[in-house]
Amino acid sequence: MGIAKAVYRLPDDVINAKPFLKWAGGKTQLLDELYKRLPLSLVESGEIERYVEPFVGGGALFFFLKRNFKIKEAFLLDINKELIVGYKVVQRNVNELIRELSVMEEMYLKLPEQGRKDFYYNTRDEYNKQKECFDYVNYNFDWIKRAAYLIFLNKTCFNGLYRLNKKGEFNVPFGKYKNPVICDADNLIEVNKALKDTEIICADFEESKKYIRENTLVYLDPPYRPLNNTSNFTSYNEDGFDDYDQIRLANFFKEMDKRGAYLMLSNSDPKNENEEDDFFDRLYEGFIIERVRAKRCINSNAEKRGDINELVIRNYE
């Protein structure tokens with residue numbers, strides 16, 4: 001197995017989708033580094049037989065691959081049920097979603113700042129209240145409104161964060177953006193195209209085992225291990241993702257390696273804060289562990305948003 005040189009191959013029918021949500025830990029800035037580390041055999045063929053992403057998040061790598069490769073089968077999973085609602089609505093009812101968002105955008109942008117703030121908090125309250133009786137299992141037209149709320153809040157909240165309190169309520173404060181793009185209709189249509197023939201599943205990452213076989217490309221981008229006690233400020237679901245889960249994920253990685261899948265994983269590098277912290281070096285001993293430069297973008301202190309190392313771990317040369 002080899003890794004790729006950074007020369008992109010575009011199919012004739014280019015899908016020009018990018019993430020439709022801002023998502024903490026999104027991989028847009030690392031796409032060149034991830035591309036360089038794709039299996040050379042896949043890059044040379046321009047085709048990926050099967051792609052599985054057990055923590056899809058904003059989906060930056062998936063959309064990048066859809067622009068540059070022919071993917072025959074794709075399976076996107078995430079335990080965050082709100083995120084999955086958003087993906088499924090874009091996949092199934094993108095035009096209705098665009099109509100909802102267009103109305104919200106028009107109403108919001110007409111308002112002065114205090115009016116926008118009130119609109120934001122009223123929407124956030126409605127979003128949290130709706131959760132109490134929302135049917136996350138059976139797809140129906142209520143999902144369209146909920147996906148519109150999710151996208152609206154994501155585009156107008158502080159720093160584009162997704163954070164839940166202990167009650168499982170979205171609690172990110174209002175963000176002061178002059179002209180936020182709430183309804184990016186062109187991109188939503190491209191995302192809809194990218195999600196054709198894609199299976200979208202709300203589940204823990206271990207559920208992805210049933211979709212992984214030999215030569216499957218698997219990208220694992222879990223909630224990052226906090227670099228220190230103050231950086232663990234975001235919960236993406238009610239259960240969180242602690243060191244026990246990181247160990248569980250490493251065991252999953254080893255099990256899928258035995259199946260002959262191509263595995264690539266990203267995570268934070270504890271050595272940014274403590275040179276002696278070899279948590280991941282020990283967990284993934286025997287695999288290729290590389291450190292790449294990335295920007296810390298979500299620190300509340302702007303002075304601390306600098307370059308740091310992130311880990312990219314893979315099981316192939």
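The values are calculated or read from the model by the stated rules, or taken from the named source; none is laboratory data. What you see is a predicted model; the values in this text were computed from it and never measured. Here the Cβ positions follow ideal geometry from the backbone for every residue, glycine too, while neighbour counts run over all protein chains shown.
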Check your understanding: In segment 235-274, how many residues are part of a loop (DSSP other than H, G, I, E, B), acidic (Asp, Glu) and under 26 Å from ASN80 (Cα atoms)?
Key -> 4
Check your understanding: Of all residues in segment 215-273, which are modelled with pLDDT of 90 or more and among the charged types (D, E, K, R)?
Key -> ASP221, ASP242, ASP243, ASP245, ARG248, LYS254, GLU255, ASP257, LYS258, ARG259, ASP269, LYS271
Review point. Counting only residues that are out of contact with any Ser or Thr (no Cβ under 6 Å at 6 or more places or on another chain), surrounded by 15 or more Cβ atoms within 10 Å (Cβ to Cβ), at pLDDT below 85 and farther than 14 Å from PHE62 by Cα, how many does segment 1-43 have?
Key: 3
Review point. If only one of LYS176, LYS129 is at pLDDT below 95 and basic (Lys, Arg), which one is it?
Key: LYS176
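Residue-wise test of (1) touching a Pro at 6+ places or on another chain (Cβ under 7 Å); (2) without any contact (Cβ under 8 Å) to a residue 60 or more places away in the chain; (3) of a type in the set (Asp, Glu).
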site	(1), (2), (3)
LYS129	no, yes, no
VAL137	no, yes, no
ARG146	no, no, no
LYS155	yes, no, no
ARG163	no, no, no
GLY168	no, no, no
PHE174	no, yes, no
GLU190	no, no, yes
Check your understanding: In segment 63-102, what residues are of a type in the set (Phe, Trp, Tyr) and farther than 17 Å from ASN215 by Cα?
Key -> PHE63, PHE64, TYR87
**Study point:** Subset of segment 97-120 [in contact (Cβ under 8 Å) with a residue 12 or more places away in the chain and surrounded by fewer than 16 Cβ atoms within 10 Å (Cβ to Cβ)]
**Key:** SER102, MET107, LEU109, GLU113
Practice item. Just give me the residues in segment 53-96 being farther than 24 Å from PHE134 by Cβ and part of a helix (DSSP H, G or I), in sequence order. Key: ALA60, LEU61, PHE62, PHE63, PHE64, LEU65, LYS66, ARG67, ASN68
**Study point:** Residues located in segment 183-203, provided they are aliphatic (A, V, I, L, M), over 16 Å from LYS18 (Cβ atoms) and surrounded by 17 or more Cβ atoms within 10 Å (Cβ to Cβ)
**Key:** ILE200, ILE201
Practice item. Return yes when ASP277 is assigned to a helix (DSSP H, G or I) and touching a Pro at 6+ places or on another chain (Cβ under 9 Å) and no when it is not. Key: no
Practice item. Only residues that are closer than 21 Å to LYS81 by Cβ and buried (at least 19 other Cβ atoms within 10 Å of the Cβ): list them for segment 162-182, please. Key: TYR162, LEU164, PHE170, VAL172
Check your understanding: Considering only segment 121-161, how many residues are in a loop (DSSP other than H, G, I, E, B) and surrounded by fewer than 19 Cβ atoms within 10 Å (Cβ to Cβ)?
Key -> 10
